[in-house]
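**Student:** My questions will all concern the structure given below.
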Amino acid sequence: MRVENITQDRRTLQLAVSLQNNGSEEVEFLYSFLEVRDQDNNLLSSFTDSLPPSLPVDRQAYKGTIELFGPLPDSVRSVSIRLASYPDEKVKLQIDAIPIP
């Protein structure tokens, strides 16, 4: 997982992300298990858009967004993202301390 861009307005924060499978097996995700937390480990409300439910073994980058909704507290300076494959959690994606402009 890679964060390509961050945009923010008063009510939302959007992280443009890309996912790529460089492994030897297809990987499935349930984005309802996606965790987004701030620098103080507070869970933030989020949803995804345009990310595939599974990543085939084709090394292609698939792009989508993770959107944090509701007014974000001014104290949010960075976020961390965690997502594990479903159902076995063999693949764990994590990006820590993404700075928020």
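**Student:** Quick one: Karplus J couplings for the range 87-101, per residue in order, coefficients 6.51, -1.76, 1.60, θ = phi - 60°, nearest Hz, x for Gly and Pro?
**Tutor:** Ordered by residue, 3J(HN,Hα) equals x, 8, 6, 6, 9, 10, 9, 8, 10, 9, 6, 6, x, 9, x Hz.
**Student:** Need the full-extension length gain, Asp74 to Val3, defined as separation in residues times 0.36 nm minus the C-alpha distance. One decimal, nm.
**Tutor:** Additional length available on full extension: 23.4 nm.
**Student:** Oh, and also: What accessible area per residue comes out for the chain, rounded to a whole number of Å², with a 1.4 Å probe?
**Tutor:** Ligands and nucleic acids excluded, the figure is 63 Å² per residue.
**Student:** In debye, nearest 20: dipole of the chain around its Cα centre with unit charges on the Cβ of K, R (+) and D, E (-)?
**Tutor:** Here the chain has a charge dipole of around 220 debye.
**Student:** Further question on the same structure: Pop out the ³J(HN,Hα) list for the range 44-49 in order, Karplus 6.51 cos²θ - 1.76 cosθ + 1.60 with θ = phi - 60°, rounded to Hz; leave Gly and Pro as x.
**Tutor:** Each residue's phi maps through the Karplus curve to give 10, 6, 8, 8, 10, 9 Hz.
**Student:** Between the range 10-55 and the range 80-96, how many Å separate their Cα centres?
**Tutor:** 9 Å
**Student:** Would you work out what percent of the accessible area of the chain, with all protein chains in place, is carbon or sulfur (probe 1.4 Å)?
**Tutor:** Heavy-atom surface of the chain belonging to carbon and sulfur, 1.4 Å probe: 45 percent.
**Student:** Given a Förster distance of 30 Å, report the FRET efficiency between Arg11 and Ala61 from their Cβ-Cβ distance, rounded to the nearest 0.05.
**Tutor:** About 0.60, to the nearest 0.05.
**Student:** Another one. Just to verify a number: FRET efficiency for Asn22 and Arg82, C-beta to C-beta distance, R0 = 22 Å, to 0.05?
**Tutor:** 0.70
**Student:** With a ≥ b ≥ c taken as the square roots of the eigenvalues of the C-alpha gyration tensor of the chain, please select rounded if a/c is under 1.5 and otherwise prolate if a/b is larger than b/c or oblate if it is not?
**Tutor:** Prolate is the answer for the chain, as a/c is 1.5 or above and a/b outweighs b/c.
The values are calculated or read from the model by the stated rules, or taken from the named source; none is laboratory data. None of the values given here were measured: they were computed from a predicted structure. Cβ sites come from the backbone with ideal geometry, for glycine too, and all protein chains shown count toward neighbours. Just so you know, the surface numbers come from the protein's heavy atoms only, side chains and all, with ligands and any DNA or RNA stripped out. Shrake-Rupley method; radii C 1.70, N 1.55, O 1.52, S 1.80 Å.
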